[in-house]
Amino acid sequence: MLNRASATSSRWARVREWLLPSRTMKRRALGPVIGFAYVALIGIAGGLRIDHVLIGSLGLLDLYNEKTRMFLRQFLPFIATGVVYDSMRYFYWPAIAGRVHVAGPYDVERDWFGIGGRTPNEWFLAHHWPALDLACGFAYLVFVGEYLAVAFLLFFRRRSDVLRTFAVAFLVVNLLGFATYFIYPVAPPWYVTEYGFGPARLDVHPAAAAASRFDLLLGTHFFDGIYGRGIDVYGAYPSLHVAYPLLVIWATFRAPELRWARAPAIGFFLLMCLSAVYLQHHYVIDVLLGIAYAVATLAVLGAFPALAHRSAARASSTHPAASGSPRATASMARRSACE
């Protein structure tokens, strides 16, 4: 009975750390000010939606308690990535007008990876199967969710050392990809199939392409909603769809607590490599570039191990104690001793 009561008390203490406002934490206005300034700027620029308001309101987490502040700090790279991507809609089309590559990437793909004189995309367009439609569509539907799920697992397992690099890697690989969209915009395979090799049109919207077969099989409209808000029509180079799962594999090998997820992560990565080509969204070259971007990102972040270690150590040592959780502090001490 005593053990049960103690466990219940411990669980309630952990819940209380999240639900109750801190009485001792020093407040600062910077987080909410930045959040509300973001909402105001979007309102002035036009196109304000409820999700913009929700993102701006996340700054309030910096005021509530130590746990919410820690969450905001560690997940800030994910929030920043969404903000940067959404802001591209204000200048994307003028920036790429007259510079989109259509025939060149197609010719390279056919010459390097052609199957009977056709690109792999064209071969899959003629040879496709319902089982692969469902598997590949599922991969495209959940690839961001997979990344965030691993991030939350790392957060709640208190692996701030891995989570910090994992989160920053997400931001960096996306920034590299976004920059490529502007430096070398490339029409995806589905565009070539639908519009041909003429000058790139500036009146098209992102398309679900062969991923629409997933919705047709299930009678859903998932991909209509996803691609209805897309921005980067000519963002075939590189495939960030492939980069994310590769970074997930890295995280599962860095955190012993996630060893059970290593085989599924590798399987999902391989499925995503196939899906990117099978669903007509990327060339094989795009997949290889996505892999290269992920590896380069990890290499860049690995060049600053001392900085990463200091930040992780600071987060690990400061926040559990600040939140008043002796159990969390003891857990961190045991992990440090083992590692």
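The values are calculated or read from the model by the stated rules, or taken from the named source; none is laboratory data. Keep in mind the model is a prediction, meaning the values are calculated, not measured. Positions of Cβ are generated from backbone atoms using ideal geometry, with glycine treated the same way; all protein chains shown enter the neighbour counts. For the accessible areas, the whole protein counts, side chains as well, though only heavy atoms, and no ligand, DNA or RNA atoms are used. Shrake-Rupley method; radii C 1.70, N 1.55, O 1.52, S 1.80 Å.
Per residue, how big is the convex hull of the chain when only Cα atoms are used? Give it in Å³. Don't skip to the answer; put the middle values down first.
Working: hull volume 58.4 nm³, N = 339.
Output value, Cα hull per residue: 172 Å³.
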(message) Not counting ligands, DNA or RNA, and with a 1.4 Å probe, what is residue 272's accessible surface area in Å² rounded to the nearest 10?
(response) 0 Å²
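Evaluate E = 1/(1 + (r/R0)^6) for residue 131 and residue 41, where r is the Cβ-Cβ distance and R0 equals 45 Å; express this FRET efficiency to the nearest 0.05. The partial results should precede the final answer.
Numbers: r = 46 Å, r/R0 = 1.03.
In this case the efficiency is close to 0.45.
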(request) Could you check which residue among 27, 164, 254 shows the biggest mean-square fluctuation in a GNM of the chain with a 10 Å Cα cutoff? (result) 27
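Set the Förster radius R0 to 35 Å, insert the Cβ-Cβ distance between residue 201 and residue 50 as r into 1/(1 + (r/R0)^6), and round the FRET efficiency to 0.05.
Details: r = 31 Å, r/R0 = 0.89.
So the FRET efficiency works out to roughly 0.65.
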(request) List, in order, the whole-Hz ³J(HN,Hα) value for each residue of segment 33-48 obtained from phi through the Karplus relation with A = 6.51, B = -1.76, C = 1.60 and θ = phi - 60°; use x for Gly and Pro. (result) 4, 4, x, 6, 5, 4, 4, 5, 5, 5, x, 5, 6, x, x, 5
(message) Can you give the local net charge around residue 223? Use residues other than it whose beta-carbon is closer than 12 angstrom to its beta-carbon, Lys and Arg +1, Asp and Glu -1.
(response) -1
(message) Residue by residue through segment 105-112, what is 3J(HN,Hα) from phi via Karplus (6.51 cos²θ - 1.76 cosθ + 1.60, θ = phi - 60°)? Round to whole Hz and write x for glycine and proline.
(response) x, 4, 4, 5, 4, 5, 5, 8
(message) Loop only by DSSP, 15 or fewer other Cβ within 10 Å of the Cβ. Give me the chymotrypsin sites (Phe, Trp or Tyr not before Pro) in segment 49-104 that pass, ordered by residue number.
(response) 91
(request) Place a label point 7 angstrom from the Cα of residue 88 along the Cα-to-Cβ direction, then list the residues of segment 188-207 whose backbone nitrogen is under 13 Å away. (result) 188, 206
(request) Pull up all non-local amide H partners of residue 65: gap of 5 or more, or a different chain, and H-to-H distance under 5 Å with H placed in the peptide plane. (result) 22
(request) Tell me which residues come under 5 Å, amide H to amide H, from residue 101 once H is placed; ignore anything under 5 positions away on its chain. (result) 186, 187
(message) Pick from 94, 206, 185 the residue whose mean-square fluctuation is largest in a GNM of the chain, springs joining Cα atoms under 10 Å.
(response) 94
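Between residue 194 and residue 57, what FRET efficiency comes out of the Förster formula 1/(1 + (r/R0)^6) with R0 = 35 Å and r the beta carbon distance, rounded to 0.05?
Details: r = 40 Å, r/R0 = 1.13.
E(calc), rounded to 0.05, equals 0.30.
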(request) Pick out, from 244, 91, 178, the residue whose Cα sits farthest towards the positive end of the charge dipole of the chain, with +1 on the Cβ of Lys and Arg and -1 on the Cβ of Asp and Glu. (result) 244
(message) I'd like the orientation of helix 130-156 relative to the chain: the angle between its Cα long axis and the longest Cα principal axis, in ° from 0 to 90, rounded to 10.
(response) 30 degrees
(request) Using the charge dipole of segment 1-141 (Lys, Arg: +1 at Cβ; Asp, Glu: -1 at Cβ; taken about the Cα centre), state which of 30, 52, 132 has its Cα farthest towards the positive end. (result) 30
(message) Of the candidates 235, 290, 116, which one comes out as most mobile in a Gaussian network treatment of the chain with C-alpha springs shorter than 10 Å?
(response) 116
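Within the chain, what whole-number % of the accessible surface is contributed by carbon and sulfur, with the 1.4 Å probe and all protein chains included in the calculation?
Working: 11770 of 17140 Å².
Within the chain, the accessible surface is 69 percent carbon and sulfur.
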(request) Using θ = phi - 60° and the Karplus relation 6.51 cos²θ - 1.76 cosθ + 1.60, list the HN-Hα couplings for segment 170-185 in order, rounded to whole Hz, with x at every Gly or Pro. (result) 4, 5, 5, 5, 5, 5, 4, x, 4, 4, 5, 4, 8, 6, 9, x
(request) Could you check the simple spin-label distance between residue 224 and residue 34, using points 7 Å along Cα→Cβ, in nm with one decimal? (result) 3.8 nm
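Put 247, 218, 72 in order of accessible area, largest first, 1.4 Å probe: what do you get? If you can, show how the numbers build up before the last one.
Working: 247 0, 218 95, 72 25 Å².
So the residues, ranked largest to smallest area, are 218, 72, 247.
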